Every structure is written in structure tokens, then in C-alpha cells.
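The values are calculated or read from the model by the stated rules, or taken from the named source; none is laboratory data. Being a predicted model, the structure only gives us computed values, none of them experimental. Every residue, glycine among them, receives a Cβ derived from its backbone with ideal geometry; neighbour counts consider all protein chains shown. These area figures cover heavy atoms from the full protein model, side chains too; ligands, DNA and RNA do not enter into them. Shrake-Rupley method; radii C 1.70, N 1.55, O 1.52, S 1.80 Å.
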Amino acid sequence: AQSVTQLDSQVPVFEEAPVELRCNYSSSVSVYLFWYVQYPNQGLQLLLKYLSGSTLVESINGFEAEFNKSQTSFHLRKPSVHISDTAEYFCAVHLPRGGYQKVTFGTGTKLQVIP
Amino acid sequence: DTEVTQTPKHLVMGMTNKKSLKCEQHMGHRAMYWYKQKAKKPPELMFVYSYEKLSINESVPSRFSPECPNSSLLNLHLHALQPEDSALYLCASSQGITGGPGELFFGEGSRLTVL
């Protein structure tokens with residue numbers, strides 16, 4: 001069974017400051033880790049993912065996450081946030097099940113960027 | 001075309017009404033999902049269709065009835081709902097059998113209010 005823990009429900013941060021959103025997981029099998037972002041009144045969209053290879057993965061808008069197997073973590077970071085980054089962020093574990101994906105979401109972290 | 005389109009965006013219905021939510025994708029994806037999302041919560045899986053066959057029903061009450069007429073369309077028929085069923089209903093899709101993990105593509109959701 002898989003589980004995902006996001007300990008911080010809300011993270012307020014000033015504009016242009018760095019931020020880290022924490023994600024820890026547990027799984028009895030190989031893990032595929034994803035971060036999704038949900039802007040207000042929208043659906044979720046993929047931010048970045050770790051499948052294999054380099055443990056540091058990056059998104060096109062400046063976010064990065066590092067897979068740490070020993071600490072079972074996949075924390076999301078950005079060195080300088082913008083107002084437009086205000087959103088809900090969900091960490092997720094994907095388990096391929098033949099013809100579909102079994103996805104376990106964390107409880108989410110609301111990033112509030114303060115001007 | 002990387003879109004999942006959901007209609008309607010907003011729906012208000014009484015407890016005796018019958019209505020339907022619709023979802024469409026043209027990415028050739030063979031897995032389609034219905035999720036329910038309450039405020040400040042992660043998406044909660046309701047149903048999964050894989051290759052037009054129902055693969056998962058997460059013990060959803062029978063007042064919700066899914067239908068997958070073809071590989072591009074997914075419907076959710078609603079009947080005799082309760083006020084606690086008010087939520088954002090998200091449709092998602094992913095590739096079929098790929099041998100590995102794949103991202104979920106989400107629509108913007110249908111916001112349902114049951115009076």
C-alpha cells in the first residue's frame with residue numbers, strides 16, 4: 001500500500017522569497033512521484049515528476065524537487081516565488097495498474113504568496 | 001490537443017432532479033477517471049474506466065452512475081443527490097497500457113450544488 005504525507009496544510013511566504021513544500025511517502029514497491037498544482041477554480045495539472053534516473057527534477061516555471069530514497073521524501077522547492085505561484089500543491093504516488101494509474105494524493109499544501 | 005473538457009462548469013440541482021456531467025478528451029487516452037473534490041481536500045477517486053470497461057468503483061452510492069459510451073467520452077449521471085454531494089467533480093484521463101507510470105490530465109471540473 002502507498003501513502004503520502006504533506007505535513008504543512010498552509011505555507012505563507014513573501015514574494016521573491018524561497019519556499020519548500022514537504023512531501024514524504026511510504027510504499028512497498030517502486031515509487032513514481034509526482035507534484036500537481038491546482039490554481040483557484042481549476043483542475044489539477046502536472047508540475048513535475050520523478051520516474052527514474054537523476055534524483056533532481058525541474059519544472060519549466062522554476063520549481064524543482066529531489067527524490068531522497070533514504071528519507072522517503074520528495075520535497076518541492078523554488079528559490080524565488082511569484083504572486084502567480086499562489087495555488088494548492090498536491091504530492092502524489094502513481095502505481096501503474098496495466099490499463100490505468102492508481103494514484104494516491106497527499107492532503108495538499110496551500111502556498112500563499114504575500115506581496 | 002492536450003485538453004480534457006468538462007461540461008457544465010456549474011450545475012445547481014434539487015434533490016429530485018436528474019442531471020448529467022460530461023467529459024471529453026481527444027488525446028487517444030484509454031483510461032478515464034471521475035474524482036470528487038471537497039473544499040481544501042485532495043481529489044477522491046470515484047470511478048475508473050479502462051478501455052471502456054469499468055475497472056474501479058470506490059463504493060460510490062448508486063445515485064451516481066458512470067457511463068463510458070466510447071474511448072473519448074465519459075459521463076456521470078446524477079439522480080436523487082443529497083446536499084452533501086455538493087462538490088467539484090473532476091474528470092481525468094491517462095494513457096492506457098504503457099508499461100509505466102503516466103500523468104493524469106484533468107479537466108477544469110464541474111462545480112455541483114445540491115439544494
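Values computed for the structure shown
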quantity: Summed buried accessible area for B+A [probe radius 1.4 Å, Å², rounded to 100]; calculated: 1900 Å²
quantity: Separation of alpha-carbon centers, the stretch A:21-71 and the stretch B:1-54, rounded to whole Å; calculated: 24 Å
quantity: Percent RCO, i.e. relative contact order, over chain A, from Cα pairs under 8 Å lying at least 6 residues apart; calculated: 37 percent
quantity: Label-to-label distance, nm, for residues given as B:Ile97 and A:Ser84 (7 Å Cα→Cβ offset); calculated: 4.2 nm
quantity: Pairs of Lys in the stretch B:1-41 closer than 16 Å at Cα, counting only those 8 or more apart or on different chains; calculated: 5
quantity: Carbon/sulfur fraction of accessible area - the stretch B:7-115, other protein chains in place, 1.4 Å, %; calculated: 51 percent
quantity: For the protein assembly as shown, accessible area per residue (1.4 Å probe, heavy atoms of protein chains only), Å²; calculated: 48 Å²
quantity: Interface residues in the stretch A:84-115 - accessible area drops by 50 Å² or more relative to the isolated chain, probe 1.4 Å; calculated: A:Gly99, A:Tyr100, A:Gln101, A:Phe105
quantity: Unpartnered cysteines - no second Cys beta carbon under 4.7 Å - across chain B; calculated: B:Cys68
quantity: Positions from the stretch A:30-44 whose accessible area shrinks by 30 Å² or more when the full protein complex is built, not the chain alone, probe 1.4 Å; calculated: A:Tyr36, A:Gln38, A:Asn41, A:Gln42, A:Gly43, A:Leu44
quantity: Potential extension, A:Lys69-A:Ser26 segment - 0.36 nm per residue separation minus Cα distance; calculated: 14.5 nm
quantity: Hull shadow area, averaged, the stretch A:54-115 [alpha-carbon convex hull, nm²]; calculated: 5.7 nm²
quantity: Paramagnetic reach from A:Thr107 (point 7 Å along Cα→Cβ, amide N under 11 Å) across the stretch A:7-23; calculated: A:7-10
quantity: Residues in the stretch B:31-54 occluded by at least 40 Å² - accessible area, probe radius 1.4 Å, against chain by itself; calculated: B:Pro42, B:Pro43
quantity: Model label zone, A:Leu7; criterion: amide N under 13 Å from point 7 Å along Cα-to-beta-carbon; scope the stretch A:23-61; calculated: A:23-25
quantity: For B:Ile97, solvent-accessible area (1.4 Å; no DNA, RNA or ligand), Å²; calculated: 120 Å²
quantity: Pair B:Ser62, A:Thr55: separation of 7 Å Cα→Cβ label points (nm); calculated: 5.2 nm
quantity: Square roots of five times the Cα gyration tensor eigenvalues for the protein assembly as shown, Å; calculated: 30, 21, 15
quantity: Rounded percent of accessible protein surface that carbon and sulfur make up, the stretch A:26-110, 1.4 Å probe; calculated: 49 percent
